[in-house]
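Student: Next up is a structure, given as structure tokens.
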Amino acid sequence: MSHLHLFIVQHGLLAIFVLMALESCCIPIPSEVVMPLAGFLAFRHLIGFWPALIVGTIANLVGSLIAYAIGDYGGRPFVLRYGRYIGLNARHLDKAEHWFNRFGEVTVFFGRMVPAVRTFVSLPAGFARMRMGRFIVFSLIGSAIWNLGMLYAGYQLNKNWQVFADHVKPFTYVGAVILVIAVIAFWVRRKSGQGLE
């Protein structure tokens with residue numbers, strides 16, 4: 001993730017646009033990393049909070065329209081044939097299609113807020129030739145809600161970093177003690193096993 005982090009820090013809104021468009025175009029780039037990092041940058045006043053939300057959401061729409069067109073014109077066989085080059089397999093597609101077949105067009109809205117499904121949900125919408133106006137509206141609203149949540153989480157985590165660190169610190173100490181005990185127990189068992197040989 002260090003390259004992703006560096007790309008966003010160096011290029012700001014442009015990086016957010018590129019990465020979020022790619023994510024909605026079936027490239028598995030985790031928005032769960034991109035948008036919280038954008039929230040971190042917004043807290044540091046390196047980018048604006050609302051511009052990051054708008055750019056991320058528009059980028060999602062652009063990527064979604066590309067994926068929709070691929071689903072519409074290429075169909076499932078085309079997607080399965082060439083999807084492997086970007087890490088897309090039948091399981092991903094089956095999951096997105098299952099959601100779409102079960103819940104209909106509203107899947108585009110709710111699917112934007114479900115990790116993994118959000119990346120591929122435009123394809124079955126394209127297969128089904130969902131009406132473009134509804135597709136755009138559902139994509140925009142669902143993406144905006146998801147992006148706002150991720151952006152706000154990153155902003156608040158940074159804002160309250162010391163509080164978070166203070167709460168996590170005791171667990172770090174407990175983890176260190178458990179690790180030391182585990183190493184000692186392993187060493188004792190190994191030594192006693194050698195003594196029996």
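Student: Accessible area of the stretch 1-102 with a 1.4 Å probe: how many percent of it is carbon plus sulfur?
Tutor: That fraction is 68 percent.
Student: If His11, His3 are ordered by their accessible area, calculated over protein heavy atoms with a 1.4 Å probe, which sequence runs from highest to lowest?
Tutor: Accessible-area ranking of His11, His3, largest first: His3, His11.
Student: Tell me, what is the FRET efficiency for Ile136 and Leu157 to the nearest 0.05, using R0 = 22 angstrom and their Cβ-Cβ distance as r?
Tutor: E between Ile136 and Leu157, to the nearest 0.05, is 0.10.
Student: Okay, next question. Which ³J(HN,Hα) values, rounded to whole Hz and listed in residue order, are derived for the stretch 110-116 from phi using the Karplus coefficients 6.51, -1.76 and 1.60 in 6.51 cos²θ - 1.76 cosθ + 1.60 with θ = phi - 60°, glycine and proline given as x?
Tutor: Once θ is set to phi - 60°, the couplings for the stretch 110-116 become 6, x, 5, 10, 10, x, 6 Hz.
Student: How much accessible area per residue does the stretch 35-75 have, in Å², with a 1.4 Å probe?
Tutor: Each residue of the stretch 35-75 exposes 43 Å² on average to a 1.4 Å probe.
Student: Accessible area, 1.4 Å probe, largest first: how do Phe127, Phe135, Phe110 sort?
Tutor: Phe110, Phe127, Phe135
Student: Find, among the trypsin sites (Lys or Arg not before Pro) in the stretch 59-116, those assigned to loop by DSSP (not H, G, I, E, B) with at most 10 other beta-carbon atoms within 10 angstrom.
Tutor: none
Student: Please give, to one decimal in nm, the separation of the simple spin-label points placed at Asn89 and Glu105, each 7 Å out from Cα toward the Cβ.
Tutor: 3.4 nm
Student: Using the Karplus curve 6.51 cos²θ - 1.76 cosθ + 1.60 with θ = phi - 60°, what ³J(HN,Hα) values do you get for each residue of the stretch 98-103, in whole Hz, with x for Gly and Pro?
Tutor: With coefficients 6.51, -1.76 and 1.60, one gets 4, 4, 5, 5, 7, 10 Hz.
Student: Each label point is 7 Å from the Cα along the Cα-to-Cβ direction; what then is the distance between the points at Ile27 and Val114, in nm?
Tutor: 2.5 nm
Student: Quick one: what are the phi-derived ³J(HN,Hα) couplings along the stretch 64-76, Karplus 6.51/-1.76/1.60 with θ = phi - 60°, whole Hz, x for glycine and proline?
Tutor: Calculated HN-Hα couplings, in order: 5, 5, 5, 5, 4, 4, 5, x, 5, 8, x, x, 4 Hz.
The values are calculated or read from the model by the stated rules, or taken from the named source; none is laboratory data. Worth saying up front: this structure is predicted, and the values here are computed from it rather than measured. Positions of Cβ are generated from backbone atoms using ideal geometry, with glycine treated the same way; all protein chains shown enter the neighbour counts. The accessibility values were calculated without ligands, DNA or RNA, using every heavy atom of the protein model including side chains. Shrake-Rupley method; radii C 1.70, N 1.55, O 1.52, S 1.80 Å.
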